[in-house]
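I have placed the structure first, in the form of structure tokens, so that the comments after it can refer back to it.
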Amino acid sequence: MLRMRLFLLATVLVATNPAVLLAQDSKDRRVEQYECRDIMRDSGVNRDVSVAFLHGYLLGKSGGSTFNLDAVKQQTDAFIERCLSNPSEKAVDAMTAVKK
């Protein structure tokens, strides 16, 4: 559980760091380009990282800095279910919907 908290905290810090957001190279991606199917194709740690990144991205976008671990777990479960049902939905839109 501590590992998950530290991972989420690190994700939030990276997602809200302006220097990281401004970094440009040939491997740049936009959050909006990923669909649910892209997240669902990953497994294990890779999927966990993608989902945690979305949580952190939306937290940073909202200007917030606190989160509830139980709520994050419920939102993650709802996100996965939504993505399984709607694989072509944008992943950030799916996460936004389950966070409301």
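The values are calculated or read from the model by the stated rules, or taken from the named source; none is laboratory data. Just so it is clear, the structure is predicted and the values come from calculations on it, not from any experiment. Here the Cβ is made from the backbone with ideal geometry for all residues, glycine too, and neighbour counts use every protein chain on show. For accessibility, only protein heavy atoms count, side chains too; no ligands or nucleic acids. Shrake-Rupley method; radii C 1.70, N 1.55, O 1.52, S 1.80 Å.
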(message) Given the whole protein assembly as supplied and a 1.4 Å probe, what does the accessible area of Glu89 come to in Å², nearest 10?
(response) 40
(message) Please list, ordered by chain and number, the residues whose modelled amide H lies under 5 Å from the amide H of Glu35; skip anything fewer than 5 residues away on the same chain.
(response) Ala91
(request) Excluding Thr96 itself, calculate the net charge of residues whose Cβ lies under 10 Å from the Cβ of Thr96, where each Lys or Arg counts +1 and each Asp or Glu counts -1. (result) +3
(request) Would you list, by chain and number, the lysines whose Cα falls below 29 Å from the Cα of Lys73, excluding same-chain residues fewer than 8 positions away? (result) Lys61, Lys90, Lys99, Lys100
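For Ala71 and Glu89, compute 0.36 nm times the residue count separating them, minus their Cα-Cα distance, and round to one decimal in nm.
Going from the current span to full extension adds 4.3 nm.
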(request) Enumerate the calculated ³J(HN,Hα) couplings along segment 63-79 in order (Karplus 6.51 cos²θ - 1.76 cosθ + 1.60, θ = phi - 60°), each rounded to whole Hz, writing x wherever the residue is Gly or Pro. (result) x, x, 9, 10, 8, 9, 4, 5, 5, 4, 5, 5, 5, 4, 4, 5, 4
(request) Report the local net charge at Met40: Lys and Arg +1, Asp and Glu -1, summed over other residues whose C-beta lies under 15 Å from its C-beta. (result) -3
(request) Leaving ligands, DNA and RNA out of it, rank Arg30, Arg41, Arg82, Arg47 by accessible area with a 1.4 Å probe, largest first. (result) Arg41, Arg30, Arg82, Arg47
(request) Describe numerically, in nm with one decimal, the distance between label points set 7 Å from Cα along Cα→Cβ at Asp48 and at Thr96. (result) 2.8
(request) Report the paramagnetic label zone for Met40: residues of segment 85-100 whose backbone N is under 13 Å from a point 7 Å from Cα along the Cα-to-Cβ axis. (result) 85-91, 94
